Amino acid sequence: PISDRVQNRVHAKFTSSLNYHIAAQPPSASTLPLATTNSNRSINKFNDHNASCHQISQIRCYGSQAKVQLEKQTFPGMQPIQPYIRTCLNSDGANNNAAGINMEFAISFLGTGGGAPTMNRNASCTALRLGGQTYLFDVSEGTARQLEFSRIVPSSISKIFISHLHGDHLFGLVPAILCLGTAHKQIMSDPQRKKKHSMDHGGDKPRLEIYGPPGLYNYINMTLKLSCAKVNYLDVRVIELVGGREERGPMVRREHRTRGRRNIFTSHYPEFETPNIKRQYLTQNEDKVWIIDAPEPITDDSVEKGVGIGRQDGFHRLPNDVNLGVGRRLHIKAAELDHLGGVQTFGYTVEEQPPPGTIDVEKAKQMGIQPSKKYGLLKCGLSVTTDDGTGEVHPHEVIVKSFRPRKFAFLADHRLVPTEMAQLCKGADLLVHEATLSKKDGLDKIKMRGHNTAYNAGLFGRSMGCKVVALNHFGSTSCGREYVGGMLFEAREGNQSASQIIASHDFMEVWIPRGGFDFNGTRMSPRD
């Protein structure tokens with residue numbers, strides 16, 4: 001290792017230009033420039049003259065000053081997705097509002113490897129950024145550090161979804177909880193930020209909701225208790241999805257069973273209870289689907305009174321306003337995946353409420369409606385009376401542009417997607433699908449390892465009408481450029497050009513424009 005030949009520590013900040021290929025593995029470290037040409041930045045020389053430039057360039061240096069340049073798509077027919085792909089790295093201290101960054105509905109990849117972290121990929125973690133709040137899907141080890149490099153504000157994380165209890169999807173959860181607690185503590189120590197923070201959360205402690213299979217609550221509590229850690233400044237609710245298959249964990253061999261023995265997944269352990277962490281249960285419905293959140297349909301009353309959080313800031317917010325922050329509610333559902341026997345695994349979908357349309361203000365005035373709350377009703381598809389009460393105006397008369405809801409689907413490790421989960425993925429704008437195995441590995445290996453192939457990812461995306469399929473969860477021992485390129489070829493073979501296929505990379509971000517992807521229509525501006 002290079003570190004063994006380094007006699008002195010290198011005291012310098014690096015600014016790396018990492019070239020992320022949209023559809024291939026990032027270039028090898030030997031091709032990456034290690035420093036900028038700025039005169040005020042330099043790299044201390046290594047005293048060991050035997051360390052070649054090639055070896056030095058293998059040091060992975062990405063951080064708060066790193067820049068990521070996304071190369072143009074080089075695969076025929078894949079250009080439409082290019083304007084919607086960017087980096088989520090916190091480059092040059094940029095904030096969420098810098099350079100007109102659209103944060104209404106963006107998917108950030110913080111970890112795209114499987115099994116174990118590698119030099120180029122951390123293990124599984126995907127973030128859905130919703131303009132003021134963030135959802136995390138799986139939290140592998142090292143996620144707290146990945147967050148430090150990204151533009152994601154830790155205090156904006158309001159929900160975490162765990163697919164299953166394998167370590168490469170779970171071991172970063174407790175550190176992330178403690179990291180969020182620290183972030184909220186820092187906010188509360190600032191009087192100016194504390195006031196807005198309290199308003200956003202209704203004057204109570206910020207709530208963090210964590211969803212996952214039975215056993216999740218026990219894992220969190222036992223880890224905190226045994227490590228003598230405390231959770232302050234946070235109200236943590238662990239909601240376990242109960243009623244499905246395999247919720248009691250792996251079957252214990254008959255000769256090892258003991259009468260009266262507690263099941264570690266479903267039992268309660270009072271001795272491990274932790275303050276500020278509560279356990280709740282959510283059962284599946286008749287369709288074998290878990291409804292995590294289901295906002296009420298927009299009505300005259302809901303639009304008229306608006307949303308409390310927005311009105312505290314002096315604005316009349318609609319229930320489907322994309323700028324509501326933590327008050328924004330979306331349709332969130334979960335269903336089971338078939339991964340391995342005894343390992344209950346979930347997939348998740350998130351779909352926003354129908355966004356408000358765009359109104360022709362001049363035409364509305366001509367029809368007898370001055371700017372008021374009635375515009376909100378019209379934007380949401382509700383008819384209103386004119387200001388003088390003599391007539392009625394219908395939405396189709398003044399709405400010049402409407403938008404369909406955006407949808408995100410997350411499929412973690414699996415060898416088979418049951419019908420219930422498949423139905424939830426229909427029409428998704430972005431589908432995250434694992435690509436751990438190759439088509440040549442064969443069906444037997446899929447069954448044995450409980451993982452799926454890139455070919456099936458493309459095939460599933462085509463059958464479900466998904467606009468974009470993002471390959472994810474690449475194996476830790478085979479994630480080189482040629483391997484990932486082969487996976488992309490397989491996925492496109494199965495997809496038959498029905499979707500845009502991309503290979504996810506750490507710190508890559510895909511933002512979905514308002515109204516969702518429409519690659520067959522007019523291409524929207526990247527800053528639309």
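Computed from backbone phi with θ = phi - 60° and the Karplus coefficients 6.51, -1.76 and 1.60, the 3J(HN,Hα) list for segment 493-506 is 5, x, 7, 6, 6, 7, 9, 7, 10, 10, 9, 6, 9, 4 Hz; x is used for glycine and proline. Karplus-derived 3J(HN,Hα) values for segment 127-134, using 6.51 cos²θ - 1.76 cosθ + 1.60 with θ = phi - 60°, are 10, 10, 9, 10, x, x, 9, 9 Hz; glycine and proline are entered as x.
Using the Cβ-Cβ distance between residue 229 and residue 264 with R0 = 25 Å, the FRET efficiency computed as 1/(1 + (r/R0)^6) comes to roughly 0.80.
Here, segment 213-254 has an Rg and a Dmax of 13.5, 45 Å when only alpha carbons are counted.
Between the amide H of residue 345 and those of 337, 339, distances stay under 5 Å, these residues lying 5 or more places away or on another chain, with hydrogens modeled in the peptide plane. Here segment 98-162 and segment 347-414 have alpha carbon centers that stand 31 Å from each other.
Please give the contour-minus-distance gain from residue 385 to residue 370: 0.36 nm per residue of separation, less the Cα-Cα distance, rounded to one decimal in nm.
Numbers: separation 15, 0.36 × 15 = 5.40 nm, distance 1.14 nm.
Once the chain is fully extended between residue 385 and residue 370, it gains 4.3 nm.
Derived scalar couplings between HN and Hα for segment 276-288 equal 6, 10, 10, 10, 9, 10, 10, 9, 7, 8, 5, 8, 6 Hz in order, rounded to whole Hz, by the Karplus curve 6.51 cos²θ - 1.76 cosθ + 1.60 (θ = phi - 60°), x for Gly and Pro.
Among 443-451, 430-438, 457-465, 293-301, how do they line up by average Cβ neighbours within 10 Å per residue, starting with the highest? Mind showing how you got there, number by number?
Working: 443-451: 15.2, 430-438: 26.1, 457-465: 21.3, 293-301: 12.3.
By packing density, highest mean first, the sequence is 430-438, 457-465, 443-451, 293-301.
Database remark: amide H of residue 452 closer than 5 angstrom to the amide H of 414, 436, 437 (H placed geometrically; neighbours at sequence offset of 5 or more, or on other chains; Pro and chain starts carry no H).
Available extension along the chain between residue 222 and residue 204 is 3.9 nm, counting 0.36 nm per residue and deducting the alpha carbon span. Computing FRET efficiency as 1/(1 + (r/R0)^6) for residue 392 and residue 358, where r is the C-beta to C-beta distance and R0 is 25 Å, gives about 0.75.
Among 106-115, 223-232, 326-335, the peptide with the highest mean count of other Cβ atoms within 10 Å heads the list, and the full ranking is 106-115, 326-335, 223-232.
Calculate the FRET efficiency for residue 82 and residue 403 from the Cβ-Cβ distance with a Förster distance of 25 Å, rounded to the nearest 0.05. With a Förster radius of 25 Å, E is 0.70.
Would you please classify the overall shape of segment 385-528 from the alpha carbon gyration tensor, given that a ≥ b ≥ c denote the square roots of the eigenvalues, rounded means a/c under 1.5, and beyond that prolate means a/b larger than b/c while oblate covers the rest? It would help to have the intermediate numbers written out before the result.
Numbers: a/c = 3.26, a/b = 2.38, b/c = 1.37.
Prolate, because a/c is 1.5 or more and a/b exceeds b/c.
Every number here is computed from the coordinates shown, using simple stated rules; none is lab data. Since the model is a prediction, treat every value here as computed from it, not as a measurement. Quick reminder, even Gly has a Cβ in these numbers, built from the backbone with ideal geometry, and neighbours come from all protein chains shown.
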